[in-house]
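J.: Would you mind keeping the following structure in view while I ask a few things?
The values are calculated or read from the model by the stated rules, or taken from the named source; none is laboratory data. Computed from a prediction, not measured in an experiment: that's the story for all the values here. Backbone-built Cβ (ideal geometry, glycine too); neighbour counts: all protein chains shown.
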Amino acid sequence: MVIVCAKISLILSAGLSRPGVFIISSLLGCVFSTAQLDRVFVPNTIFAVNSWHPRHVISIAAVMLALPSVIQSTHKGVNWMYKKICHYQNNPPQQANNWLTDSKIRLMTLFNTITSRPTLHIGNQLGQFILRPI
């Protein structure tokens, strides 16, 4: 289930990337005018001004779907470090024939979550909170 959520999160993140937004905008521009889209969805502004724009809502959904994978990756990373530090014997690694293994999906999801708009927005708010008294 964690991998399914991570894959959905990666697909949503790809749709929110610059090429993804360009493709979606081009397709919707063939059917609807810009004025119609702005009337329904309101203009796309920054996250702090209009956090309810569909692009930002989907971005938050992508982060929420990625959280189980991020937690699992963190747990596996801490467990791996503990075994390395304590010199436990690991089982010999099994060769995977699949190019897109579960660990690669977890790493891609972790990277997407760390660099996502909501995470960067929270980091900006934290930085403003810390620097406000100065």
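J.: I'd like to know if segment 5-22 contains one or more residues that are under 20 Å from Arg117 (Cβ atoms), surrounded by 15 or more Cβ atoms within 10 Å (Cβ to Cβ), at pLDDT 90 or above and touching an Asp or Glu at 6+ places or on another chain (Cβ under 9 Å).
T.: Yes - at least one qualifying residue is present in segment 5-22.
J.: Assess whether Leu28 counts as being modelled with pLDDT of 85 or more and either surrounded by 10 or more Cβ atoms within 10 Å (Cβ to Cβ) or at positive phi (or both).
T.: yes
J.: A further question on this structure: I need every pair where a residue in segment 33-45 that is under 15 Å from His56 (Cβ atoms) has its Cβ under 9 Å from the Cβ of a residue that is part of a helix (DSSP H, G or I) and of a type in the set (Val, Ile, Thr), sequence separation at least 6 or different chains.
T.: Close Cβ pairs (under 9 Å, with a partner that is part of a helix (DSSP H, G or I) and of a type in the set (Val, Ile, Thr)) amount to Asn44/Val21.
J.: Using the structure shown, decide if Gln128 is over 24 Å from Ile3 (Cβ atoms) and modelled with pLDDT of 85 or more.
T.: So Gln128 fits the description; yes.
J.: May I pose another question? Looking only at residues that are without any contact (Cβ under 8 Å) to a residue 60 or more places away in the chain and buried (at least 16 other Cβ atoms within 10 Å of the Cβ) in segment 68-89, which one is farthest from Phe111 (Cα to Cα)?
T.: Applying the filter and picking the extreme gives Ser73.
J.: When segment 46-67 is examined, which residues are found to be outside any helix (DSSP H, G or I), touching a residue at least 40 places away in the same chain (Cβ under 8 Å) and surrounded by 11 or more Cβ atoms within 10 Å (Cβ to Cβ)?
T.: Phe47
J.: If you take the residues of segment 82-123 that are more than 22 Å from Val2 (Cα to Cα) and hydrophobic (A, V, I, L, M, F, W, C), which of them is modelled with the highest pLDDT?
T.: Looking at the filtered set, the residue picked out is Ile122.
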